[in-house]
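> Quick one: the structure is below, and I'll ask about it shortly.
The values are calculated or read from the model by the stated rules, or taken from the named source; none is laboratory data. Every value quoted in this text rests on a predicted model; they were computed, and no experiment measured them. For neighbour counting, all protein chains shown are included, and Cβ atoms are generated from backbone atoms with ideal geometry for every residue, glycine included.
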Amino acid sequence: MQALDEQRKVTDLEDDLTDLGVALVWDEEYVTHFALVRQIQADIDHIPQAAIDAWRDAGPLRVRRHLADRLENLDGLNLDDPMLAAFHLMALIGRDASGGGRSTEEHVRAGVRVFLHGYCD
């Protein structure tokens, strides 16, 4: 994902993670990915487990590992488990829980604040 690949110096955790979150949730690859997630969830009982496992490794877990690597390199975060932290951040910023689709910048910023409350030193 392009948003995770862009290297930039982090000067303010909240602002920079919000910018990253907005870039992620508005990235067309992300939108397409989550459309596929919804389809797979709807058909999970009809898809062979090996296919589900391969998809998880190539898709969601690949992105989570990449995000975990980025989070692990940020000063000011206390991460015992970077993969779990990445999961939490994605869950907090990912989709508008009211069913409205993509998260707004306000929604992402609120999720980042909750994340930082739990993971800041």
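> Just give me the residues in the stretch 21-59 being over 15 Å from residue 91 (Cβ atoms) and hydroxyl-bearing (Ser, Thr, Tyr), in sequence order.
The one that is over 15 Å from residue 91 (Cβ atoms) and hydroxyl-bearing (Ser, Thr, Tyr): 32.
> Next question. So is residue 62 among the charged types (D, E, K, R), closer than 16 Å to residue 91 by Cβ, loosely packed, with under 14 Cβ neighbours inside 10 Å and free of Cβ contacts under 8 Å to residues at least 40 places away in the same chain or not?
No; evaluated as a whole, the condition is false for this residue.
> A follow-up question, please. Please determine, by comparing only the residues of the stretch 76-92 that are of a type outside the set (Gly, Ala, Ser) and more than 12 Å from residue 116 (Cα to Cα), which one is farthest from the chain's Cα centre (by Cα).
Going through the qualifying residues, I end up with 80.
> Can you give me the number of residues within the stretch 33-48 that are exposed (fewer than 10 other Cβ atoms within 10 Å of the Cβ) and among the polar types (S, T, N, Q)?
Result for the stretch 33-48: 1.
> Which residue is nearest to residue 83 (Cα to Cα), if the candidates are limited to the stretch 37-62 and must be in contact with a helix residue (DSSP H, G or I) (Cβ under 8 Å, 6 or more places away or on another chain) and part of a helix (DSSP H, G or I)?
This residue is 60.
> Evaluate the following for residue 112: is it at pLDDT 90 or above and among the β-branched types (Val, Ile, Thr)?
yes
> Filter the stretch 4-26 for residues that are over 11 Å from the mean Cα position of the chain (by Cα) and either at pLDDT below 75 or not charged (D, E, K, R) (or both) and give the result.
5, 6, 7, 8, 9, 10, 11, 13, 18, 26
> Separate question: Does residue 74 qualify as being surrounded by 13 or more Cβ atoms within 10 Å (Cβ to Cβ), outside any helix (DSSP H, G or I) and touching a residue at least 60 places away in the same chain (Cβ under 8 Å)?
Yes.
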